[in-house]
Amino acid sequence: MSLMTYENLIEEEIKDLYSAENQLLQALPKMQAAAHCEELKQAFAEHLEETHTQVDRLTQAARLLGIGVTGETCNAMKGLIEEAEELIQTPGLPEVKDAALVGAAQRVEHYEIAAYGTVCQLLKNIEGDEAKDLLGKTLDEEKAADKTLSKLATGGLFSSGINHEAKEG
């Protein structure tokens with residue numbers, strides 16, 4: 001594939017996102033199972049459900065644009081998930097591991113926010129409004145997931161409970 005047009009780049013971005021989201025479908029249940037904090041478990045469960053919808057949106061957007069979604073492996077997501085899996089396997093206090101999982105999840109969200117933001121802008125440039133609207137919904141969900149993780153981190157996990165227990169450990 002060449003990158004001679006915005007359409008070429010959009011195709012690459014959508015294939016990459018499709019791969020990323022499908023990898024995340026496999027990783028989120030593992031992250032949920034590894035989480036200690038019930039609110040974090042719930043956040044992972046909710047994002048898993050959203051991710052199924054996001055894969056459907058990517059498929060719909062690709063169909064609208066006349067492109068296929070297979071054939072790419074998102075190496076960035078692969079690396080982020082490998083790091084999260086290493087954290088899951090690393091021995092440690094449950095509260096500290098939850099903090100590590102929040103950080104890993106936020107890295108995933110930030111990657112997705114950047115990727116969806118890019119493809120939405122590219123779609124705007126070629127007047128791909130229907131596909132942009134579909135993927136814009138996903139962009140909004142990724143931003144909301146990041147805010148949820150930040151709220152968990154600043155409103156509980158990282159503030160009093162986890163830091164106190166980690167210091168004592």
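The values are calculated or read from the model by the stated rules, or taken from the named source; none is laboratory data. Just so it is clear, the structure is predicted and the values come from calculations on it, not from any experiment. All Cβ positions, even for glycine, are placed from backbone atoms using ideal geometry, and neighbour counts span all protein chains on display. The area values use the complete protein model at the heavy-atom level, side chains included, leaving out ligands, DNA and RNA. Shrake-Rupley method; radii C 1.70, N 1.55, O 1.52, S 1.80 Å.
Across region 93-115, which residue is surrounded by the fewest Cβ atoms within 10 Å (Cβ to Cβ) among those that are over 18 Å from the mean Cα position of the chain (by Cα) and part of a helix (DSSP H, G or I)? Across region 93-115, the extreme among qualifying residues is PRO94. For beta carbons closer than 7 Å, sequence separation of 6+ or different chains, a first residue in region 138-151 that is surrounded by fewer than 17 Cβ atoms within 10 Å (Cβ to Cβ) and a second that is part of a helix (DSSP H, G or I), the qualifying pairs are LYS143/ILE113. Have a look at LYS124, LYS143 and point out the one that is at negative phi and at pLDDT below 95. Result: LYS124 is the single residue among LYS124, LYS143 that is at negative phi and at pLDDT below 95.
With the requirement that a residue be among the β-branched types (Val, Ile, Thr) and over 18 Å from GLU46 (Cβ atoms), what does region 92-148 give you?
Hits for region 92-148 are VAL96, THR118, VAL119, ILE126.
Among all residues of region 50-61, there is at least one that is among the small types (Gly, Ala, Ser) and either open to solvent by less than 40 Å² (accessible area, probe 1.4 Å) or part of a helix (DSSP H, G or I) (or both). Of the residues making up region 31-45, those that are in contact (Cβ under 8 Å) with a residue 40 or more places away in the chain and either open to solvent by 50 Å² or more (accessible area, probe 1.4 Å) or closer than 21 Å to TYR116 by Cα (or both) are HIS36, GLU39, ALA43, PHE44.
Just to be sure, is LEU28 in a helix (DSSP H, G or I), surrounded by 21 or more Cβ atoms within 10 Å (Cβ to Cβ) and under 12 Å from the mean Cα position of the chain (by Cα)? So LEU28 fits the description; yes.
Restricted to region 74-91, and to residues there that are surrounded by 14 or more Cβ atoms within 10 Å (Cβ to Cβ) and among the small types (Gly, Ala, Ser), the residue that is farthest from LEU40 (Cα to Cα) is ALA76. Quick one: would you say THR118 is in a loop (DSSP other than H, G, I, E, B), open to solvent by 40 Å² or more (accessible area, probe 1.4 Å) and of a type in the set (S, T, N, Q)? In short, no. Which of the residues spanning region 54-103 are in contact (Cβ under 8 Å) with a residue 60 or more places away in the chain and not hydrophobic (A, V, I, L, M, F, W, C)? Correct list: GLN54, ARG57, GLN60, GLU72, GLU95, LYS97, ASP98.
The residues of region 104-115 that are touching a residue at least 40 places away in the same chain (Cβ under 8 Å) and either farther than 20 Å from GLN54 by Cβ or not aliphatic (A, V, I, L, M) (or both), listed by number, are GLN106, GLU109, TYR111, GLU112.
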